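The values are calculated or read from the model by the stated rules, or taken from the named source; none is laboratory data. These numbers were taken from a predicted model, which means no experiment stands behind them. All Cβ positions, even for glycine, are placed from backbone atoms using ideal geometry, and neighbour counts span all protein chains on display. Side chains are part of the model used for accessible areas, which takes the heavy atoms of the whole protein and leaves out ligands, DNA and RNA. Shrake-Rupley method; radii C 1.70, N 1.55, O 1.52, S 1.80 Å.
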Amino acid sequence: MKITAAITGVGAYVPEYVLTNAELEKSVDTTDEWIVTRTGIRERRILKGDNQGTSVMGIKAVQQLLAKTNTRPEDIDLVICATTTPDLVFPATANIISAAVGITNAFSYDLQAACSGFLFALATGAQFIQSGLYKKVIVVGADKMSAIVDYTDRANCIIFGDGAGAVLLEPNTEGYGLLDHVLRTDGKGEQYLYQKAGGSRRPPSAETVANREHFLYQEGATVFKFAVTNMADVAAQVMERNHLSKEDVAWLVPHQANKRIIDATANRMGVGSEKVMLNIDRYGNTTNATIPLCLSDYEPQLKKGDNLILAAFGGGFTWGAIYLKWAY
Ligand code: UT7
């Protein structure tokens, strides 16, 4: 009997502080109207306070997930945390989350694929279930983008926000769960979306700080072009090779980077806007957290057997689409 990896629960957390377009209008030369029409974003959440890293949000999302699914932390086999803003360069944020929630019989690690990280981590976690090796895998997507956003850069500070989401993967033998994926990387995209310093190539120094090289750097218009084409391509490809018509797709779950990219992907798939999960207006681009935050928001509307297409594009470049059948 074929084992598939089914999502059997979702947890999520966003910090309390709401950063509105009106507040951004006070610090950079922008308008609510520009931000809404160019991106679809109205507000985003920001994690405030000293010594508060990405794990703070990941812990809350995983605690909610364990409570909702009635799962004992000791029963978890593996935790993968997709993040681009880990608490520390090392050790992994997944380890910090696991220790805090009492996951003591597992191994854990972080996965870096920028905005596509949650999809890459979901596909990775699924392999451990499909192989029959493990029974309970948690995949977390979490980012504190406010830690690397330059709040004097008007093109980028308006986009990003903080948040976390987590899903539980368990074996299924009735055909539910992850059924296919197309994942891609093109390292030539590095120069258009990256953090210039802080890694081993350019370790932190007084100079890198003075040059503002520890902030996210993005050539937005170039990234936009690649995102529109590639995200739509893989979403369409995954539909075609699984013989899914637009009617067969119950939901498109797109990475929330820009409403215009989401619309282009939906159009290419022929999927109407009523089938597109959308919360970019409230959270902005939370990088690895966008897709699990969507799943959490829309969980009450999901039905067993719904066909979902998850799609993302991000720095690296990285992109991909996953086809899954909702299991509850
Ligand atoms: O999630 C990971 C992948 N990332 C993405 O998918 C993001 C993709 N990129 C984008 O979403 C868009 O490129 C941005 C939202 C970042 C920027 O929007 P855009 O429509 O591509 O703007 P642009 O950078 O081409 O700039 C157009 C104009 C420029 O003015 P001039 O040179 O034409 O006079 C900018 O200076 O818009 C100006 N501009 C702004 N004006 C008001 C840029 N940001 C702002 C702003 N408010 N916040």
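Conditions tested, residue by residue: (1) within 18 Å of the chain's Cα centre (by Cα); (2) loosely packed, with under 14 Cβ neighbours inside 10 Å.
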position	(1), (2)
E16	no, yes
K68	no, no
P86	yes, no
A94	yes, no
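How many residues are in a helix (DSSP H, G or I) and in contact with an Asp or Glu (Cβ under 9 Å, 6 or more places away or on another chain) if we restrict to the stretch 220-251? Summing the residues that are in a helix (DSSP H, G or I) and in contact with an Asp or Glu (Cβ under 9 Å, 6 or more places away or on another chain) in the stretch 220-251 gives 5. Entry remark, the stretch 247-268: residues being under 21 Å from K304 (Cβ atoms) and open to solvent by 10 Å² or more (accessible area, probe 1.4 Å) number 4 in total. Can you tell me which residue in the stretch 37-53 is most open to solvent (accessible area, probe 1.4 Å), limited to those that are away from the ligand (no atom under 11 Å from the Cβ) and free of Cβ contacts under 8 Å to residues at least 40 places away in the same chain? Residue satisfying both the conditions and the ranking: N51.
Of all residues in the stretch 160-203, count the ones that are touching a residue at least 60 places away in the same chain (Cβ under 8 Å), within 16 Å of the ligand (Cβ to nearest atom) and more than 21 Å from G53 (Cβ to Cβ). Residues in the stretch 160-203 being touching a residue at least 60 places away in the same chain (Cβ under 8 Å), within 16 Å of the ligand (Cβ to nearest atom) and more than 21 Å from G53 (Cβ to Cβ): 10 in total.
Restricting to the stretch 259-310, name every residue that is among the small types (G, A, S), within 14 Å of the ligand (Cβ to nearest atom) and in contact (Cβ under 8 Å) with a residue 40 or more places away in the chain. Across the stretch 259-310, the qualifying residues are G284, A289.
Residues being under 17 Å from the mean Cα position of the chain (by Cα), assigned to a helix (DSSP H, G or I), surrounded by 21 or more Cβ atoms within 10 Å (Cβ to Cβ) and within 16 Å of the ligand (Cβ to nearest atom) are represented in the stretch 106-114 by at least one member. Report yes if some residue within the stretch 288-301 is in a loop (DSSP other than H, G, I, E, B) and open to solvent by less than 30 Å² (accessible area, probe 1.4 Å); otherwise report no. No, because not a single residue in the stretch 288-301 is in a loop (DSSP other than H, G, I, E, B) and open to solvent by less than 30 Å² (accessible area, probe 1.4 Å). The set of residues in the stretch 253-279 that are under 29 Å from Q112 (Cα atoms) and in contact with a Lys or Arg (Cβ under 6 Å, 6 or more places away or on another chain) is empty.
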